[in-house]
1. Based on what the data block shows, is residue 176 surrounded by 17 or more Cβ atoms within 10 Å (Cβ to Cβ), assigned by TED's automatic domain parsing to the domain that holds residue 142 and part of a strand (DSSP E or B)?
2. Return the pairs, sorted by first residue and then second, in which the second residue is modelled with pLDDT of 90 or more and surrounded by 17 or more Cβ atoms within 10 Å (Cβ to Cβ), the first residue lies in segment 134-159 and is outside the structural domain of residue 116 (by TED's automatic domain parsing), the beta carbons are less than 8 Å apart, and the residues are 6+ apart or on different chains.
3. Residue 356: at pLDDT below 65, in a loop (DSSP other than H, G, I, E, B), surrounded by fewer than 18 Cβ atoms within 10 Å (Cβ to Cβ) and more than 34 Å from the chain's Cα centre (by Cα), yes or no?
4. Please give the number of the condition residue 7 fails out of (1) modelled with pLDDT of 80 or more; (2) within 26 Å of residue 283 (Cβ to Cβ).
5. In segment 225-262, which residue that is under 18 Å from residue 293 (Cβ atoms) and surrounded by fewer than 23 Cβ atoms within 10 Å (Cβ to Cβ) is modelled with the lowest pLDDT?
6. Show the residue pairs that are 6+ apart or on different chains and have beta-carbon atoms under 7 Å apart, the first residue being within segment 87-112 and outside any strand (DSSP E or B), the second being surrounded by fewer than 15 Cβ atoms within 10 Å (Cβ to Cβ) and at pLDDT 90 or above.
7. From (1) more than 24 Å from residue 94 (Cα to Cα); (2) modelled with pLDDT of 90 or more, pick out the condition that doesn't hold for residue 118.
8. So how many residues does segment 132-160 have that are part of a loop (DSSP other than H, G, I, E, B) and at pLDDT 90 or above?
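The values are calculated or read from the model by the stated rules, or taken from the named source; none is laboratory data. In this text, all values refer to a predicted model and were calculated from it rather than measured experimentally. Neighbour counts run over all protein chains shown; Cβ positions are idealised from the backbone, glycine included.
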């Protein structure tokens, strides 16, 4: 996420953060680099100018000059101002109304509105413990209604049927009435998108808004469109009283121009980030955490929350107990660890949130994304006896396993080597606790592979 911006800013700020004295000259040089990094990231010019002026004023003032560590203090000033540009404090959904709370979702065609409605429904059901109804008022796009019905079933939301022959206002009115009867806490209304902002769409959405009077009107915008994302949101905001923004496809955006421009240009908070294609890939937006990640400081809070939410704690506890009692870490256990890693978004997603690990995250992205799938396929092709005792896997067994999993012997040898190394690491937990485990990890990060886990392909 925002790799190119993060790299440029980190390298620009690294030179000044170690200095014992801050002067106007070295601040000027650093801010010139910061300004170029932001402009190349497609951040809107007024945002860049305002940001660099505020950093300069604070840095040259007493705030940094009187500090014992001026270099680090300058970095803190940049982080604080970056957080301000992103919105300051996190702003969640406002659901303080007589149920059902109506949330209307708008945006251009292709921005990911329907998927965002499903993600938002899942978020509200799983994390906010709300009962949710969803309805599609998009009577123009072929299969829009069917798509939402399929996604609603996947996330466990109540689906309100609608028909392309109906008027969007009638659909919305009925959906809210039926959601009230069904005792839904929230009703999400998916509206029609267009290829551009036009009067017909605006009139239709304005009529919908007037009819259902939503407590939240969220604008879905594609982060990949950069500065245009903020300008489109502003155009929508002139007709529609937007309460917030959902920024989609953030995981694929290396620049970050949209995230850094939307709040200032629209004067509306970013409330959620779409960080993947799956229905659980929606994160509440925290300006302080994103500012920290952009500057290469990581985001441990989000990582901890993700682990709490996605890791199967019963399985983890069972494995820990087994290892503590001297049980053998077998390939069944290894497969479970691979599945847990996949649930967390893979190695690169985890490293990206760790302080100082962004470079390693990029290295981890070079690992074949299909590798986990191949590894699981090889383990599935083994007999239960082989999974419990990998030492049994000899030449003829290897040929059978690779034929059954569509892999080659080299893949299987690599898998067995990785398992052996992880097995050794697990043995360090037995009796000696986490200290010896962490020493093992420390040795692992110092190797030529740039900190990747043992057995992973090196650069």
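1. In short, no.
2. none
3. No: the conditions fail for residue 356.
4. (1)
5. Here the answer is 254.
6. Listed pairs, sorted by first residue: 100/180.
7. Among (1) more than 24 Å from residue 94 (Cα to Cα); (2) modelled with pLDDT of 90 or more, residue 118 violates only (1).
8. So the answer is 2.
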